[in-house]
1. Given the conditions (1) under 15 Å from SER166 (Cβ atoms); (2) within 15 Å of the chain's Cα centre (by Cα), and given that PRO114 satisfies all but one, which numbered condition is not satisfied?
2. Restricting to the stretch 1-60, name every residue that is modelled with pLDDT under 90 and small (Gly, Ala, Ser).
3. Out of the residues in the stretch 96-126 that are more than 16 Å from ASP147 (Cβ to Cβ) and among the aliphatic types (A, V, I, L, M), state the one that is surrounded by the most Cβ atoms within 10 Å (Cβ to Cβ).
4. Name the residue, out of PRO93, PRO99, PRO114, PRO133, that is on the phi < 0 side of the Ramachandran plot and either at pLDDT below 85 or acidic (Asp, Glu) (or both).
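The values are calculated or read from the model by the stated rules, or taken from the named source; none is laboratory data. Quick caveat: nothing in here was measured; it's all calculated off a predicted structure. Ideal geometry is used to build each Cβ from the backbone, glycine not excepted, and the neighbour counts take in all protein chains shown.
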Amino acid sequence: MSSNPQSLSQPPAGLWGALQASSSRNRPKPRSLASFENGISDLIEADGAETFNKHDLLCPREGCASIILKKGVGKLKEGQSIQIEPQDIPAHPLLPALPSSSESTQWWLITPSPMQFENIGFSRPVQSLSLSPSGNKLKLLACAECDLGPLGWSEEGGSEFWLACSRIGYRDE
């Protein structure tokens, strides 16, 4: 190791160029669920009785398009809609409204831990209009790169993570 104190403050050669190249990478264009001719049928592949995501799941923001979940990890589930929009924050225009809590909607279920995700952020536990189906507090899921959300939810301390199929982007390549 060098004893020259100035060498400790100098970044390794080529580091700046590598960082700039990674931040300007060619990002995929996320497609919305509504843009697929056959809807959710175009986005699933079956493995026995289970259906999984056929494509990578992306942040729906075109400038971000960060990979949230790799293909084949999320299970398609039909379930009760959950109110995940905090009352005091208006919905983002990129995020379609979810059906009312009395209706059902389509979700990607991710288990058993958040380590299944590539890039996801969690809110603190929040009290919203409706709690989870079991009555526990919710944590809201958002893109960890640009903070767009809520894209889904999980129960505080739970091992199931739910992404709204209509609120995420899909890589169709």
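1. Evaluating PRO114 over (1) under 15 Å from SER166 (Cβ atoms); (2) within 15 Å of the chain's Cα centre (by Cα) leaves (1) as the failure.
2. SER2, SER3, SER7, SER9, ALA13, GLY14, GLY17, ALA18, ALA21, SER22, SER23, SER24
3. ILE110
4. Working: PRO93 fails: either at pLDDT below 85 or acidic (Asp, Glu) (or both); PRO99 fails: either at pLDDT below 85 or acidic (Asp, Glu) (or both); PRO114 fails: either at pLDDT below 85 or acidic (Asp, Glu) (or both).
Only one candidate passes the filter, namely PRO133.
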